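Remarks on the structure that follows.
The values are calculated or read from the model by the stated rules, or taken from the named source; none is laboratory data. Only a predicted model underlies this, so the values are computations on that prediction, with no experimental measurement involved. Cβ: placed from backbone, ideal geometry, glycine included. Neighbour counts: every protein chain shown.
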Amino acid sequence: MHEQSIFTQSVHAGERGPRPDYEPAVGPIHHSVVYLYDDVERLHQVLAGQRDGYAYSRNGNPTTAALEQAMAVLEAGGGAVAFASGMAAIHAALLACGLERGDHIIAAQDLYGVTHTLLQQVLPALGLRSRFVEVERTEQVVAALEQERPRLLLLETLSNPLLKVADLPALVEAARRVGTRVVVDNTFASPYLLRPLELGADYVVHSLTKYLAGHDDVLGGVVVSGKELLPPLRSLAQVLGAVPGPNEAWLAHRGLKTLALRMRQHCQNAARVADWLEKHPRVERVYYPGLSSHPQHQLAARLLRPGAFGGMLAFELAARTAEAAIGLMNRLRLILPGTSLGCIHSLMLHPACSSHRGLSPEQRAAWGISEGLLRLSVGIEEAGDIIADLEQALG
Ligand SMILES: Cc1ncc(COP(=O)(O)O)c(C=O)c1O
């Protein structure tokens with residue numbers, strides 16, 4: 001019997017033992033990039049897409065697949081594909097719509113700043129133009145869809161940073177009539193508030209980094225769709241290669257388990273904070289769909305989970321200057337002055353200097369993102385403590 005050297009033993013020892021007859025209650029993290037079969041023919045069939053299985057982690061990984069299955073359930077889709085970030089997910093969803101040189105996109109004006117950068121600075125090099133519309137003016141958007149028949153419509157359910165609400169059923173219906181694909185970024189709402197696929201959207205995208213993972217410790221993205229639209233997305237993930245690592249996928253999946261609980265608390269807290277801010281003399285205006293002063297409050301009440309309006313709000317200081325906004329952020333003691341949203345702790349940012357700094361000052365001014373605007377992601381702490389912190393920082 002040939003005895004292997006320590007060089008060989010150290011490479012293979014402890015791997016690929018007999019199959020256990022037990023099963024862990026929580027799925028493991030599969031770090032393996034390569035997957036083996038008793039018969040190499042099977043490996044080749046998996047690679048050729050003729051049978052289910054895993055061959056190479058960029059094409060599919062069991063830990064990532066568990067996250068994708070969970071997301072498909074939560075967003076009522078036929079399947080999902082996970083990505084390394086929300087931006088990678090948006091990029092892939094746009095390309096999966098079959099964009100060709102010369103096509104044009106109609107996009108909501110009120111979008112995450114880096115999504116704008118993608119549309120305005122990256123896609124034009126591929127011969128793709130974007131036109132921005134005020135998504136809350138439903139009739140104008142419907143007219144633009146009918147006249148221009150774009151390849152796709154891109155919008156956010158609750159927009160970043162002004163919390164505008166899109167009339168998804170009306171827009172989806174108009175888009176369907178003219179053969180336009182609809183991509184919805186549901187990051188702010190999460191499937192707790194609304195499931196765009198149920199309203200007829202084609203692709204739903206998320207930054208997993210936010211509410212879904214929820215703890216500010218993982219970066220990721222995901223696209224969910226009906227079964228028939230999944231193949232181009234899966235191929236793009238394999239070719240572009242921006243897939244999450246198994247640790248990230250596992251953390252995001254674990255975050256999902258408490259999504260509904262966290263969202264319930266985020267929504268309750270945000271409603272209290274918005275109400276309080278609206279009465280404060282140093283605050284000129286609060287943007288929160290749960291307030292009756294919000295221009296689309298009725299629409300939000302019709303579209304979102306009853307009694308819940310999300311955990312995000314924005315507010316305008318009466319002083320209206322960047323100095324006043326940044327001064328307030330520097331005085332915060334509980335709320336974290338940081339660039340993200342949707343996690344357990346409350347986070348505040350100044351859109352003009354962070355999420356929307358890629359827009360020109362003229363564009364920001366025209367689109368209502370003023371120097372005195374602050375965005376607050378209300379966490380799951382006790383609402384009274386969040387309000388106390390705002391009170392001392394405003395005072
Ligand atoms: C609405 C929205 N979509 C997408 C993204 C991009 O996500 P990621 O940072 O995971 O790439 C963000 C990030 O803040 C966002 O706010």
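Observations on the structure shown:
- Subset of region 214-227 [over 18 Å from Leu154 (Cα atoms), near the ligand (Cβ under 9 Å from one of its atoms) and touching a Leu at 6+ places or on another chain (Cβ under 7 Å)]: Gly220
- Only a single criterion out of (1) at pLDDT 95 or above; (2) within 16 Å of the ligand (Cβ to nearest atom); (3) among the small types (Gly, Ala, Ser) is not satisfied by Ala324, namely (2).
- When Ala322, Ala352, Ala318 are checked against the criterion of being crowded, with 21+ Cβ neighbours inside 10 Å and outside the structural domain of Leu194 (by TED's automatic domain parsing), a single residue qualifies: Ala352.
- Residue that is farthest from Glu68 (Cα to Cα), among those in region 200-211 that are crowded, with 19+ Cβ neighbours inside 10 Å and more than 10 Å from the ligand (Cβ to nearest atom): Ala201
- Within region 289-297, not a single residue is in contact (Cβ under 8 Å) with a residue 12 or more places away in the chain, buried (at least 21 other Cβ atoms within 10 Å of the Cβ) and aliphatic (A, V, I, L, M).
- Screening Glu173 on (1) at pLDDT 95 or above; (2) touching a Phe, Trp or Tyr at 6+ places or on another chain (Cβ under 8 Å); (3) on the phi < 0 side of the Ramachandran plot shows it passes everything except condition (2).
- Selection count where residues are among the aliphatic types (A, V, I, L, M) and not in a helix (DSSP H, G or I), scope region 93-123: 6
- Yes/no for Gly60 being closer than 26 Å to Val172 by Cβ, in a loop (DSSP other than H, G, I, E, B), within 23 Å of the chain's Cα centre (by Cα) and not β-branched (Val, Ile, Thr): no
- Glu148 vs. criteria more than 16 Å from the ligand (Cβ to nearest atom) and either under 20 Å from the mean Cα position of the chain (by Cα) or more than 17 Å from Val184 (Cα to Cα) (or both): yes
- Test: Leu334 is part of a helix (DSSP H, G or I), at pLDDT 95 or above and not assigned by TED's automatic domain parsing to the domain that holds Leu193: no
- Residue count, region 73-125 (criterion: assigned by TED's automatic domain parsing to the domain that holds Glu148 and of a type in the set (Phe, Trp, Tyr)): 1
- Check on Ala70, crowded, with 24+ Cβ neighbours inside 10 Å and either in a strand (DSSP E or B) or touching a helix residue (DSSP H, G or I) at 6+ places or on another chain (Cβ under 6 Å) (or both): no
- Set Gly77, Gly53, Gly27: member being at positive phi, assigned to a loop (DSSP other than H, G, I, E, B), in contact with a helix residue (DSSP H, G or I) (Cβ under 9 Å, 6 or more places away or on another chain) and not hydrophobic (A, V, I, L, M, F, W, C): Gly53
- Every condition in (1) in a helix (DSSP H, G or I); (2) aliphatic (A, V, I, L, M); (3) buried (at least 16 other Cβ atoms within 10 Å of the Cβ) holds for Ile369 except the one numbered (1).
- Selection from region 78-117 of residues that are within 10 Å of the ligand (Cβ to nearest atom) and aliphatic (A, V, I, L, M): Ala84, Met87, Ala88, Ala89, Ile90, Leu111, Val114
- Selection status of Asp185, of a type in the set (Asp, Glu), within 13 Å of the ligand (Cβ to nearest atom) and in contact with an Asp or Glu (Cβ under 8 Å, 6 or more places away or on another chain): yes
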